[in-house]
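Notes for the one structure printed next.
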Amino acid sequence: MSHIRPLRFIRRGQVVTLNGVAPDRTLLEVLREDLGCTGTKEGCGEGDCGACTVVLGSEREGAVHYQSVNSCIRLAHSVDGMALWTVEDLVADPLIQPTEKSASDLHPAQQAMVNCHGSQCGFCTPGFVMSMFGMYQNHVCKGQAITRELAVEELSGNLCRCTGYRPIFDAAQSMAELPRMQVNEPELLKQINTLKTNAPSGDATYLAPTTFNELLRARAAHPDALVAAGTTDVGLWITKMHKQYAQILDVTRAEELRRITTDAQQIHIGAAVSLTDAFGALVQHWPQLHRFATRFAGMPVRNSGTLGGNVANGSPIGDSMPLLIALGASITLASVRGERSVALEDFYTGYRKNLLAADELLTAIHVPLPVANQQLAAYKISKRFDDDISAVCLVIQMQIDNGVICEARIGAGGVAATPARAVQTEGLLNGQVWSEALATQAGQSLQAEFNPISDMRASSAYRREMLGALLQRFWLETSGTLSKDPAPSLATLQPLEVSP
Ligand SMILES: Cc1cc2nc3c(=O)[nH]c(=O)nc-3n(C[C@H](O)[C@H](O)[C@H](O)COP(=O)(O)OP(=O)(O)OC[C@H]3O[C@@H](n4cnc5c(N)ncnc54)[C@H](O)[C@@H]3O)c2cc1C
Ligand code: FES
Ligand code: FES
């Protein structure tokens, strides 16, 4: 077996170096089995429950960037060069220091859970505490309040079976009231940069090229390596399907794939940009997408998973593709032979099949900026409101000038073998006066255009019914009959008033 590059990360102010970690070993396996950090729990092993949540720190624009992630589906080598905190580290890390006098040694994320009775059996608690630590660093330490809505959004990837969510949300909101603790960021950044400059040379089992050209050369030289980004799909092939991979090509280290830029016409999103950041960029231009974005998995999955991974994976029930198709997005496929641009709807050739050649990678997604008189709505129908996969996803975009539809684009998920564009229905809508009668006709057209299957998420009849109903809803919303306010969710649970 070829020499495996040592895995190095910063924990409790020290560099941890681990030798011989296999390329497909998960971070949770390393933590629990190699380092004995059993505070980090394994519940589902597939990114759903959040019991395994840890926080990663990396350098971004001269500051530390904190991300909660699911360690069960994250590859251990993907954290090389980063800082890592597990639940055990919050009181043991010398770089986390109190800035105000406190009677407690606990971190505010822990103390708030104690104060608000946020834990019963305790199995989920380490995961919740780590998501709250991420929130603490990203919001409280930056002087931002944690609203109920924010607490719900950022804890949507953590499940609790016994306490109930109200006390946990109360705890998240009350962290800011406790004496402050702060990570010594200047010192941590120094350590992160030292690791970066002393990086050992690459080996052939876990390839993580840092530039675009190196990445394409690595893809050409190792066509059999498993391409991996945030591993929120790939991780499950390892933990649930028990697949083994001798060689991984990690695309997330190439700077060019992690950039978001905007010009006069388009937003260009690198394929390895996280779902959190990619949706953040889209929401800046289409604020109505906020709710849809926060319903994509839970926060730790969105922090690891990438937009390019969602598109390349090509699941027929993937959420970003109907949206991107409705927005008229194109993608860049690149190899050492050159680049080509493809309209997203033309990328898919069959169930989980696409145009990528063996030496090609998806490198960027390009989204045209909003135009005048554009109406856009993204609907996700799933059994659970938060952290669930779509049964049906429908995204409708129309440019309506003086009541007439100049251009309609519709992206659909869960109704065909691939994410699809509703070309026939668009043809029916274009050039017509937008009216209730046309909406009904278009709903019927959508139902005829697709032939969805029945599976554990929904029956074929239900899916078809939804296509008509969502088109009708779009009419009601765009004609002002129905409010666009989001459906009630856990955010409506208000803090409990406890009498003294
Ligand atoms: C708990 C949970 C909830 C989820 N909820 C949702 C949801 O609500 N909606 C939804 O759509 N998805 C959901 N997913 C699926 C997953 O999070 C997304 O598909 C995610 O975007 C995948 O990105 P990734 O970076 O993790 O990809 P990876 O897992 O790293 O890769 C996925 C596939 O894409 C390929 N790939 C990745 N990057 C490239 C590239 N640049 N070029 C070529 N090939 C590439 C890989 O080889 C692999 O085949 C969920 C997953 C989990 C675990
Ligand atoms: S163990 Fe459930 S998300 Fe990781
Ligand atoms: S405290 Fe038991 S699962 Fe949450």
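Please compute the contact order of the chain in relative form: average sequence separation of alpha-carbon pairs under 8 Å and at least six residues apart, divided by the residue count, as a percent. Display every interim value, and only then the final one.
Values: 1042 pairs, mean separation 63.0, N = 500.
For the chain, the relative contact order is 13 percent.
Could you compute the FRET efficiency for Glu407 and Gln266, with r as their C-beta to C-beta distance and R0 at 22 Å, rounded to 0.05?
Values: r = 16 Å, r/R0 = 0.75.
E(calc), rounded to 0.05, equals 0.85.
Principal-axis analysis of the Cα atoms of the chain puts helix 436-449 at an angle of about 70° to the longest axis.
Between Thr349 and Leu369, how many nm apart are label points set 7 Å from Cα along the C-beta direction? If labels sit at Thr349 and Leu369, their model points lie 3.6 nm apart.
Please give the FRET efficiency for Ser58 paired with Val114, using the beta carbon to beta carbon distance and R0 = 25 Å, rounded to the nearest 0.05. Mind showing how you got there, number by number?
Working: r = 30 Å, r/R0 = 1.20.
With a Förster radius of 25 Å, E is 0.25.
The lysines whose alpha-carbon is closer than 30 Å to the alpha-carbon of Lys240, local same-chain residues fewer than 8 away aside, are Lys41, Lys353, Lys380, Lys383. Taking Lys142 as the anchor, which lysines have their alpha carbon closer than 27 Å to its alpha carbon, excluding any fewer than eight residues away along the same chain? Of all the lysines, those that pass the test against Lys142 - Cα under 27 Å, at least 8 places apart if same chain - are Lys101, Lys190, Lys196.
Return the calculated 222 nm mean residue ellipticity for the chain, to the nearest 500 deg cm²/dmol, obtained by summing -39500 (n - 2.57) across DSSP H runs with n ≥ 4 and dividing by the residue count.
Counting only the DSSP helices, I get -8500 deg cm²/dmol.
Roughly speaking, to the nearest percent, how much of the chain's 1.4 Å accessible area is carbon and sulfur? Don't skip to the end; give the middle numbers.
On the way: 10700 of 20910 Å².
It is 51 percent, rounded to a whole number.
Within the shell of other residues whose beta carbon sits under 11 angstrom from the beta carbon of Val336, the net charge comes to -1, with Lys and Arg scored +1 and Asp and Glu -1.
Let's test the formula: R0 of 22 Å, r as the Cβ-Cβ distance of Met241 and Asp455. What FRET efficiency results, to the nearest 0.05? Could you put the intermediate results ahead of the total?
On the way: r = 18 Å, r/R0 = 0.82.
Working from the Cβ atoms, E equals 0.75.
Glu42 contributes an accessible area of around 100 Å² to the protein surface, as traced by a 1.4 Å probe with all chains present. Axis angle, to the nearest 10 degrees, between helix 460-478 and the longest C-alpha principal axis of the chain: 80 degrees. Around the amide H of Asn354, modelled in the peptide plane, lie the amide H atoms of Thr349, all under 5 Å away and 5 or more residues distant in sequence or on another chain. Helix 165-174 versus the longest principal axis of the chain: what is the Cα-based angle in degrees, 0 to 90, to the nearest 10? Approximately 60 degrees, to the nearest 10.
Protein heavy-atom accessible surface, 1.4 Å probe, per residue over the range 1-77: 37 Å². Taken one residue at a time, the phi angles of the range 228-234 give Karplus couplings (6.51, -1.76, 1.60, θ = phi - 60°) of 9, 10, x, 6, 7, 9, 4 Hz. Gly and Pro are set to x. Solvent exposure of the range 390-493, expressed per residue, is 45 Å² of accessible area, with all protein chains present and a 1.4 angstrom probe.
The values are calculated or read from the model by the stated rules, or taken from the named source; none is laboratory data. Just so we're clear, the structure is a prediction, and the values are computed from it rather than from any experiment. Glycine also receives a Cβ, built like all others from the backbone with ideal geometry; neighbour counts cover every protein chain displayed. Side chains are part of the model used for accessible areas, which takes the heavy atoms of the whole protein and leaves out ligands, DNA and RNA. Shrake-Rupley method; radii C 1.70, N 1.55, O 1.52, S 1.80 Å.
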